[in-house]
């Protein structure tokens with residue numbers, strides 16, 4: 001059976017396909033157990049529950065949260081966590097998700113306004129709403145400054161990412177919503193769910209790579225800073241190599257954590273069901289929840 005516990009939709013966040021198309025595609029790809037985990041949103045969950053039941057696909061509720069932690073160098077770092085198996089009607093969780101979405105939109109607009117102020121000083125044509133939409137359309141994951149940098153390069157405003165940050169994105173930054181790990185853990189657990197660290201060793205995304213590329217040091221950081229709050233690790237991910245998977249699995253088993261996996265598919269391109277997640281994940285996950 002194919003398993004994919006990390007899929008995004010356009011219904012809830014930044015996927016390219018609405019939830020009904022995602023479920024149709026999952027059925028075509030013989031995915032038997034899945035979760036939609038949109039960023040800061042449970043908007044797609046009710047429909048996903050209904051549609052997967054109709055198509056005889058096992059389903060678990062999901063959401064992806066961006067959390068702020070302190071690194072060993074006392075710098076704030078962002079990491080992604082996945083909530084699974086929670087009550088989608090939990091009031092506290094739904095209210096907090098609304099706050100997070102509103103802040104995400106506000107932050108994006110504020111950053112763009114600051115950039116436009118810099119452009120005006122330099123006589124550069126300012127970004128329009130159309131530019132903003134073009135940037136959003138390019139996003140594979142949560143909207144962030146690297147996506148703006150890539151668009152600046154495409155438009156010929158800067159030569160590379162480093163120049164984009166040096167000239168604009170550092171001075172024009174706006175803080176992310178400071179959701180802490182203890183708060184996120186309480187929200188998910190109070191809603192009856194489990195909290196899982198997402199793609200911990202993803203070299204191209206939001207991960208512990210910002211602290212260290214060594215998986216052993218990463219799991220040491222997890223041990224010292226997260227075990228009190230989390231229930232599991234996302235071991236199988238498109239950008240986790242075999243050594244990472246093996247190391248994270250050993251650590252998870254040692255500390256009795258659940259292990260999950262998925263494609264992190266935003267349909268850009270459609271890769272759902274392509275990550276080889278073993279059947280044991282289903283049994284383990286159901287047992288945990």
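Values quoted throughout were computed directly from the atomic coordinates according to the rules given, and no laboratory measurement underlies them. Only a predicted model underlies this, so the values are computations on that prediction, with no experimental measurement involved. Every residue, glycine as well, gets a Cβ built from its backbone with ideal geometry; the counts of neighbours run over all protein chains shown.
Measuring from centroid to centroid over Cα atoms, what is the spacing of the range 217-289 and the range 56-116 in Å?
Their Cα centres are 19 Å away from one another.
Give the relative contact order (percent, whole number) for the chain; include only Cα pairs under 8 Å separated by 6+ residues.
Dividing the mean separation by the residue count of the chain yields 22 percent.
Give the angle, between 0 and 90 degrees and rounded to the nearest 10, that separates the Cα long axis of helix 45-54 from the longest principal axis of the Cα atoms of the chain.
That works out to roughly 40 degrees.
Taking the alpha carbon gyration tensor of the range 175-289, what are the square roots of 5 times its eigenvalues, largest first, to the nearest whole Å? Don't skip to the answer; put the middle values down first.
Details: eigenvalues 80, 65, 54 Å².
Largest first, the range 175-289 gives 20, 18, 16 Å.
Can you show me the helix-derived [θ] at 222 nm for the chain, built from DSSP H runs with n ≥ 4 at -39,500 (n - 2.57) apiece and divided by the number of residues, rounded to the nearest 500.
-13000 deg cm²/dmol
Please compute the alpha carbon radius of gyration of the range 98-169, then divide it by the globular-protein estimate 2.2 N^0.38 Å. Two decimals is fine.
Here the answer is 1.07, to two decimals.
Hey, can you rank 110-122, 254-266 by average C-beta count inside 10 Å, highest first?
Top of the packing list down: 254-266, 110-122.
Report relative contact order for the range 98-169 in percent, whole number only (criteria: Cα-Cα under 8 Å, sequence separation at least 6).
Dividing the mean separation by the residue count of the range 98-169 yields 23 percent.
Per residue Cα convex hull volume for the chain, in cubic angstrom?
Spelled out: Cα convex hull of the chain, divided by residues, is 125 Å³.
Take residue 87 and residue 212, extend 7 Å from each Cα along the Cα→Cβ direction, and tell me the distance between the two endpoints in nm.
Those two pseudo-labels are separated by 4.0 nm.
So for the range 38-177, averaging the separation of alpha carbon pairs under 8 Å that are six or more residues apart and normalising by length, what relative contact order in percent results?
Relative contact order of the range 38-177: 19 percent.
Return one number: the angle in degrees, 0 to 90 and rounded to the nearest 10, between the long axis of the Cα atoms of helix 242-254 and the longest principal axis of the Cα atoms of the chain.
The helix 242-254 is inclined about 60 degrees to the chain.
Springs between alpha-carbon atoms under 10 Å, Gaussian network over the chain: tell me which of 14, 40, 276 tops the mean-square fluctuations.
Sorting by GNM fluctuation, first place goes to 276.
Where does the range 111-230 land on Rg/Rh, using Cα atoms and the Kirkwood Rh?
My calculation of the ratio gives 1.07.
How far is helix 19-28 tilted, in degrees, relative to the longest principal axis of the Cα atoms in the chain, given as a value from 0 to 90 rounded to the nearest 10?
Long axis of 19-28 versus the principal axis of the chain: about 50 degrees.
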